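Encoded as C-alpha cells, the structure appears first; notes follow it.
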Amino acid sequence: MESFGYVAVNKAGKEIKGSIEADNEAKALAEIKNRGMMVVSLTKQGVLTKDINIDIGGAPKPRDLSVFCRQFVSMTRAGVTIIDALKMLGEQTENKKLQQAAVAVRVDVEKGEPLAEAFAKHPKVFPNLLVSMTQAGEASGSLDVAMERMAAHFEKAAKTSALIKKAMIYPVVLIIVAIAVMVVMLIVVIPSYMGMFTELGTELPAVTKLMVSASNFLQENWYLVVGAVIAVVVVIKMYAKTNSGKHVFGKLALLIPAMKNLKQKEASSMMARTLSTLMAAGVPLTEAVGIVSNTMQNIWYKEALLDVKDQITLGVPLSQPLETCGLFPPMVYHMTRIGEESGNTEEMLDKIADYYDEEVEMAVQSLMAAMEPMIIIVMALIVGVMVYAVMSPMMDLYNSIG
C-alpha cells in the first residue's frame, strides 16, 4: 500500500492535515470522503516526505476506555445513532490512538459492518473483552447495557491501577534518593578528602580503601557504569517479554510473600469481575474463561485459566479446577461452588470481585508499610558506611594527636 498526505476540511469547517494508506490515489480520496471530509489537496508521500507518527500517549488506558464506553452509552440512550456517536467520540476523545480508531470504526460501521467486528480490527486499542461484550450486546439487542458494564469494569480497573501506582511513588522516590546520595558521596565527598587521606601517611581502614577505589573507578569509568546499567535494564526488559522470562518473573512475584498476597488478590478480583461481566452478557462459560485468561498479567494465572477452560469443556464445574490449580484463595472457589449450587454464579462472582477489590487496597497498604522501613534502613546503612569510611581516618588522626 502507498502513503498519501492530505489537507481536508471537515463538516465544521476546520482544516485537517494527515496521512492515509491506500492502494492508489482514487481509493485514498474515497476513504477521506467517507470520513466526512472535503479534500483540498492529496499528494503521494515518499521516504523523505512521509509523516512520522510519534504517539507519546501510547495505547488507551482503562480510564480512557471507561470514558469512551460511558459517553457512548449516554449518547445512544439520548437517541443519537451509533455512527453519530462514534463521530462525536472521534472528535472529542483525548487519546490519539483511541481517536484514530474511533474514526476508522465509524467508517466501517457506515459500510454495514457490525460494531464488534469494527472494534476487532484494532486489537491494540479495543481489548478482546470489549469486542466480546459488544458482540454479545449486539446479538441480544442490549448494546447499551453491555457498554455500561464495560464502563464500570474499566473504571474499577483504572481505580486499582491508580491505587498501586500511587502507593509505589514513595518507595521509588526513596530508592532514587539513596542512589543519588551514593553517587554524590563517591564523586564529590570522597574525592575532597583524598588529599587529606594521602597526607596522613597511615594505613587506611579497609572500608575507606574500598570507598576510595570505588570513587576512582566511578570517576574514570563512569561511562562504562552508565552503559552497563542501561544494558542490564534493556536485557532484563527483553528477557521479560520472552516466554521463559514471563514464567521466571511471574514465579518470583508469587514467591515473595507480600507480593504474592497482592498479586493473588488482584488476579482474583480481575478474574471474578471479568467473568461475571461476560456471563451476564450471555457469553458462553468456556469462551468467557478463555477471554479472562487473556486479561491476566501473570502468565501462571493465564495458563491456569486456560486449563480451567479445558476442564469446563469436559463437563467439570468451574469451582473444581479453580481449586486444583492452587493459585486462587479458598474463598474464590468456595463461593463459586455455592453460586453453582444455587444457580447464582454471576452474583457470587460479583461479590467475590467486590470483596477482593477492598482486599487489594489493604494489600497495597500493607506492602507499602513493609517496604518503607526496609528501604529507609537500607538507605541509612549505605549512608552510614560511607560516612564511617570518611570519618574513620580522621578519628584515627585525632586519637594519634591526643
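The values are calculated or read from the model by the stated rules, or taken from the named source; none is laboratory data. Only a predicted model underlies this, so the values are computations on that prediction, with no experimental measurement involved. So basically every Cβ, Gly included, is an ideal-geometry build from the backbone, and we count neighbours across all protein chains shown. Please note that ligands, DNA and RNA were not included when accessible areas were found on the heavy atoms of the full protein model with its side chains. Shrake-Rupley method; radii C 1.70, N 1.55, O 1.52, S 1.80 Å.
When the charge dipole of the stretch 310-392 is built from unit charges on Cβ atoms (+1 for Lys and Arg, -1 for Asp and Glu) and taken about the Cα centre, the candidate among VAL316, GLY343, SER366 whose Cα reaches farthest toward its positive end is SER366. For the listed peptides 223-232, 18-27, a ranking on the average number of other beta carbons within 10 Å per residue, highest first, reads 18-27, 223-232. Taking the accessible area of the chain, probe 1.4 Å, and keeping the other protein chains in place, the carbon and sulfur fraction comes to 62%. For the chain, a crude dipole built from +1 on the beta carbon of Lys and Arg and -1 on the beta carbon of Asp and Glu, taken about the Cα centre, is about 680 debye to the nearest 20.
In Å³ and rounded to a whole number, note down the convex hull volume per residue for the Cα atoms of the stretch 293-402. Don't skip to the end; give the middle numbers.
Values: hull volume 15.7 nm³, N = 110.
Taking only Cα atoms, the stretch 293-402 has a hull volume of 143 Å³ per residue.
Measuring with a 1.4 angstrom probe and ignoring ligands and nucleic acids, ASP357 comes out at about 40 Å² accessible.
Give me the compactness ratio for the stretch 244-310, meaning the Cα radius of gyration over 2.2 N^0.38 Å. Provide the component values of the computation, followed by the final result.
Numbers: Rg = 12.6 Å, N = 67, 2.2 N^0.38 = 10.9 Å.
Compactness ratio reported: 1.16.
Within the stretch 199-347, what is the number of lysine pairs with alpha carbons under 30 Å apart, leaving out pairs fewer than eight places apart on the same chain? So the count of such lysine pairs works out to 28. Between the Cα long axis of helix 222-241 and the first principal axis of the chain there is an angle of about 40°, rounded to the nearest 10. Taking the longest Cα principal axis of the chain as reference, the axis of helix 299-313 is set at about 30 degrees. Based on the Kirkwood approach, the hydrodynamic radius assigned to the stretch 221-375 is 17.1 Å, with every pair of different Cα atoms included.
Pairing the Cα long axis of helix 285-295 with the longest principal axis of the chain, what angle in degrees results, from 0 to 90 and rounded to the nearest 10? That helix lies at roughly 40 degrees to the long axis. Its Kirkwood hydrodynamic radius, worked out from the mean inverse distance over all distinct Cα pairs, puts the stretch 92-144 at 11.3 Å.
Looking at the chain, the accessible area is 56 square angstrom per residue; that uses a 1.4 Å probe and ignores ligands, DNA and RNA. Dividing the summed -39500 (n - 2.57) terms of all DSSP H runs of n ≥ 4 by the residue count of the chain sets its mean residue ellipticity at 222 nm at -25000 deg cm²/dmol.
D for the chain, whole µm²/s, Stokes-Einstein with Kirkwood Rh over alpha-carbon pairs at 10 °C and 1.306 mPa s: what number?
Rounded to a whole number, D works out at 61 µm²/s.
Working note: Cα gyration tensor of the stretch 82-177, eigenvalues times five, square-rooted, sorted largest first, giving semi-axes of 32, 16, 11 Å. A dipole drawn for the chain from +1 and -1 charges on Cβ atoms has a positive end, and of ILE20, GLY79, VAL225 the residue lying farthest that way is ILE20.
Here's the picture: charge each Lys and Arg Cβ at +1 and each Asp and Glu Cβ at -1 in the chain, and of SER140, CYS69, LEU42 the one pushed furthest to the positive end of that dipole is LEU42. Summed over all non-identical Cα pairs, the Kirkwood treatment of the stretch 312-374 gives a radius of 13.3 Å.
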